[in-house]
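The structure appears below as structure tokens.
The values are calculated or read from the model by the stated rules, or taken from the named source; none is laboratory data. All figures in this text were calculated on a predicted structure; none of them were measured in a lab. All Cβ positions, glycine included, derive from the backbone under ideal geometry; neighbour counts span all protein chains shown.
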């Protein structure tokens, strides 16, 4: 049975064909999206919507924590930062504090932008290696 929503079909295909690096990028982008939606819900005093979106953002951070490769020294620092961001999201959910969400969104954006650079550098390296 085919999906009736072409956008949903596109999204599903994008996830199933993405590389591990691209999936991580999607997680960062999703986390940013849910934080923004939670901030909007706080402004609109929609507590249920805020809670739902912050739990989604926390789940994404948890997934990033679980999948981190601990073979590298820097991974310990990244894991500590993820743990901090997750606890701040919980705090923001309890206190309805959009400033905390701004803080966490800034960190997630930095991780995402750095990850984009890593993906681009790897693609360039692969491309150059293929032209030997």
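Tell me whether the range 28-38 contains one or more residues that are surrounded by 13 or more Cβ atoms within 10 Å (Cβ to Cβ), at pLDDT below 95 and assigned to a helix (DSSP H, G or I).
No: the range 28-38 contains no residue that is surrounded by 13 or more Cβ atoms within 10 Å (Cβ to Cβ), at pLDDT below 95 and assigned to a helix (DSSP H, G or I).
With respect to residue 99, is the statement that it is assigned to a helix (DSSP H, G or I), in contact with a helix residue (DSSP H, G or I) (Cβ under 9 Å, 6 or more places away or on another chain) and either at pLDDT 95 or above or crowded, with 17+ Cβ neighbours inside 10 Å (or both) true?
Working: assigned to a helix (DSSP H, G or I): yes; in contact with a helix residue (DSSP H, G or I) (Cβ under 9 Å, 6 or more places away or on another chain): yes; either at pLDDT 95 or above or crowded, with 17+ Cβ neighbours inside 10 Å (or both): yes.
Against the criterion (assigned to a helix (DSSP H, G or I), in contact with a helix residue (DSSP H, G or I) (Cβ under 9 Å, 6 or more places away or on another chain) and either at pLDDT 95 or above or crowded, with 17+ Cβ neighbours inside 10 Å (or both)), residue 99 qualifies.
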Legend entry - Matching option when the condition is within 14 Å of residue 35 (Cβ to Cβ), assigned to a helix (DSSP H, G or I) and free of Cβ contacts under 8 Å to residues at least 40 places away in the same chain, among 107, 84: 107
Legend entry - Residue list for the range 39-72, filter: loosely packed, with under 14 Cβ neighbours inside 10 Å, under 17 Å from the mean Cα position of the chain (by Cα) and outside any helix (DSSP H, G or I): 69
Inset, instruction - Give just the number: which of (1) in contact (Cβ under 8 Å) with a residue 12 or more places away in the chain; (2) under 20 Å from residue 33 (Cα atoms) does residue 119 not satisfy? - result: (2)
Inset, instruction - Could you tell me whether the range 118-127 includes any residue that is surrounded by fewer than 10 Cβ atoms within 10 Å (Cβ to Cβ), within 24 Å of residue 22 (Cα to Cα) and either in contact with a helix residue (DSSP H, G or I) (Cβ under 8 Å, 6 or more places away or on another chain) or at pLDDT 95 or above (or both)? - result: no
